[in-house]
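Everything on this sheet refers to the single structure shown next.
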Amino acid sequence: MLALRAARMFDGLRLHDRAQILVAGDRIAGVDLTGAQPPPGYRLIDLGDATLLPGLIDTHMHLVFDASTDPAGHLQAISDERLLQEARAAARRALDAGVTCVRDLGDRSFLGIQLREETAARPDLGPDVVPAGPPITVPAGHCWFLGGATRGAGAVKDAVRDHADRGAAVIKVMTTGGHMTSGPDPDAVAARQFSADELRAAAEEAHRQGLPITAHAHGRGGIVAALEAGFDGVEHASFLTPQGPQPDPRVIEALAASGTYVSTCIPGTVPGTPLPPVIAALTDGARALMRSLIDGGTRVVIGPDAGIGPHKPHHVLPYAIADMAEFLGNAGALSASTCHAAAACNLADRKGRLAPGFDADILAVDGNPLTDISAIHRRVALFHRGHACRHQPAHA
Ligand SMILES: [Zn+2]
């Protein structure tokens with residue numbers, strides 16, 4: 001049993017001074033803000049001028065993509081066994097960056113579910129995984145090579161139930177094309193996939209199974225379709241057109257009114273890694289879009305899409321948080337990657353907060369990220385479900 005003491009604590013929503021967190025097993029047993037001594041039986045670790053935060057939660061990652069210039073080609077060239085080994089290493093890199101939970105939004109062969117079992121048994125090896133399994137897409141559609149292609153309302157419903165039976169914790173549906181499959185052509189990237197009937201069948205079955213459902217959607221049509229079908233989340237929400245992102249205020253209003261999670265990120269890259277030209281060309285429009293989404297009151301959580309290229313390694317989340325602080329403020333960016341991210345992952349009762357009964361996922365950083373967001377890179381301690389994780393120096 002541990003008592004972690006630090007100058008400050010951000011509990012997922014608010015900053016407190018002089019905090020002490022009691023950890024018993026894999027849970028938080030208590031939080032003290034009075035400066036009291038730990039109860040008998042607790043070993044005190046005083047982290048000094050540090051801030052305790054909930055472990056970070058990445059709402060959009062791909063453990064099976066290798067963050068190379070051609071993750072799709074690489075994945076198709078290797079066996080499941082090798083892919084699983086690489087996914088284990090990717091999970092480890094995320095954990096080393098302070099990420100204690102990842103929503104894995106598209107794997108092959110349900111490898112994310114296997115990884116979830118592994119890190120559940122050994123929390124020091126990787127973050128908790130919220131697996132989607134292979135994303136549901138149309139034949140030859142976006143990311144078809146992950147194995148989730150299907151067509152017709154009945155078959156889509158069966159696919160959702162099969163994912164649930166295998167242990168998926170979220171359903172991911174591709175409602176538009178995407179850069180990885182469609183290339184740079186914005187018309188192809190933004191093109192609709194699936195009919196309204198198919199998407200409604202997917203959402204109804206996911207909800208019957210008690211699972212949230214989220215849509216990969218770049219074009220306005222795919223965003224609206226997901227919203228009308230009752231999806232819980234939209235990934236990217238980039239409103240892509242041949243003229244770049246063109247946010248539609250009425251759709252943003254509807255996203256905000258419905259409480260749909262918008263899992264996205266701008267620009268969300270690591271220093272020294274240039275954005276691919278097709279993405280760099282969209283940056284100005286994407287920044288204006290992000291402003292519209294946030295000013296419009298949508299529930300933004302930070303999903304950097306780690307794994308899709310060299311600019312998105314699996315340890316990208318702290319950099320994405322620092323970038324998003326420009327739009328959300330420091331506290332807002334931290335909440336969007338802890339408390340709100342947990343809610344988007346259906347884990348609001350267990351993760352994303354430093355409070356009694358919650359999982360003991362605790363990141364300590366040097367200094368105060370509420371006044372200096374770069375403190376998020378200065379990790380001094382990390383606990384995942386109460387297990388001390390070997391400290392790694394910040395990735396340069
Ligand atoms: Zn993705």
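Which is part of a helix (DSSP H, G or I) and either farther than 23 Å from residue 149 by Cβ or touching a Cys at 6+ places or on another chain (Cβ under 6 Å) (or both), of 93, 82?
Exactly one of 93, 82 is part of a helix (DSSP H, G or I) and either farther than 23 Å from residue 149 by Cβ or touching a Cys at 6+ places or on another chain (Cβ under 6 Å) (or both), namely 93.
Scan region 374-392 for residues that are open to solvent by 30 Å² or more (accessible area, probe 1.4 Å) and β-branched (Val, Ile, Thr) and jot them down.
Matches in region 374-392: 380 only.
Per-residue answers, yes or no, for (1) farther than 28 Å from residue 288 by Cβ; (2) buried (at least 16 other Cβ atoms within 10 Å of the Cβ); (3) touching a helix residue (DSSP H, G or I) at 6+ places or on another chain (Cβ under 6 Å):
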| position | (1), (2), (3) |
| --- | --- |
| 180 | no, yes, yes |
| 185 | no, no, no |
| 216 | no, yes, no |
| 238 | no, yes, no |
| 247 | no, yes, yes |
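Only one residue in 227, 293, 334 is more than 16 Å from the ligand (Cβ to nearest atom), farther than 17 Å from residue 56 by Cα and open to solvent by less than 10 Å² (accessible area, probe 1.4 Å), so which one is that?
Being more than 16 Å from the ligand (Cβ to nearest atom), farther than 17 Å from residue 56 by Cα and open to solvent by less than 10 Å² (accessible area, probe 1.4 Å) holds for just one of 227, 293, 334, which is 293.
Sort out which residues of region 96-106 are among the acidic types (Asp, Glu) and either assigned to a strand (DSSP E or B) or buried (at least 23 other Cβ atoms within 10 Å of the Cβ) (or both), and write them in order of number.
104
Quickly run through region 161-178 and pick out the residues that are assigned to a loop (DSSP other than H, G, I, E, B) and not hydroxyl-bearing (Ser, Thr, Tyr).
167, 168, 169, 170, 177, 178
In the set 320, 306, 355, 341, which member is touching a helix residue (DSSP H, G or I) at 6+ places or on another chain (Cβ under 8 Å), modelled with pLDDT of 95 or more and hydrophobic (A, V, I, L, M, F, W, C)?
Of the residues listed, the single one that is touching a helix residue (DSSP H, G or I) at 6+ places or on another chain (Cβ under 8 Å), modelled with pLDDT of 95 or more and hydrophobic (A, V, I, L, M, F, W, C) is 306.
Kindly indicate the residue of region 19-75 that is part of a loop (DSSP other than H, G, I, E, B) and among the β-branched types (Val, Ile, Thr) and also least open to solvent (accessible area, probe 1.4 Å) among those meeting that condition.
64
Among the residues of region 128-170 satisfying the criterion of being of a type in the set (Lys, Arg) and in contact with an Asp or Glu (Cβ under 8 Å, 6 or more places away or on another chain), which is least open to solvent (accessible area, probe 1.4 Å)?
My answer is 157.
Select from region 357-373 the residues that are under 20 Å from the mean Cα position of the chain (by Cα) and either surrounded by fewer than 20 Cβ atoms within 10 Å (Cβ to Cβ) or without any contact (Cβ under 8 Å) to a residue 24 or more places away in the chain (or both) and list them in ascending order.
None; the set is empty.
Within region 76-86, identify whether any single residue is of a type in the set (A, V, I, L, M, F, W, C) and open to solvent by 40 Å² or more (accessible area, probe 1.4 Å), and answer yes or no.
Among the residues of region 76-86, at least one is of a type in the set (A, V, I, L, M, F, W, C) and open to solvent by 40 Å² or more (accessible area, probe 1.4 Å), which makes the answer yes.
Would you call residue 299 open to solvent by 20 Å² or more (accessible area, probe 1.4 Å), under 18 Å from residue 223 (Cα atoms) and touching a strand residue (DSSP E or B) at 6+ places or on another chain (Cβ under 6 Å)?
yes
Out of 176, 260, report the one residue that is open to solvent by less than 10 Å² (accessible area, probe 1.4 Å) and within 16 Å of the ligand (Cβ to nearest atom).
176
The values are calculated or read from the model by the stated rules, or taken from the named source; none is laboratory data. Keep in mind it's a predicted model, so treat the numbers as computed, not measured. Cβ coordinates were reconstructed from backbone atoms using ideal geometry, including for glycine residues, and neighbour counts include every protein chain displayed. Each accessible area value is taken on the protein alone, full model and side chains, heavy atoms only, with ligands, DNA and RNA left out. Shrake-Rupley method; radii C 1.70, N 1.55, O 1.52, S 1.80 Å.
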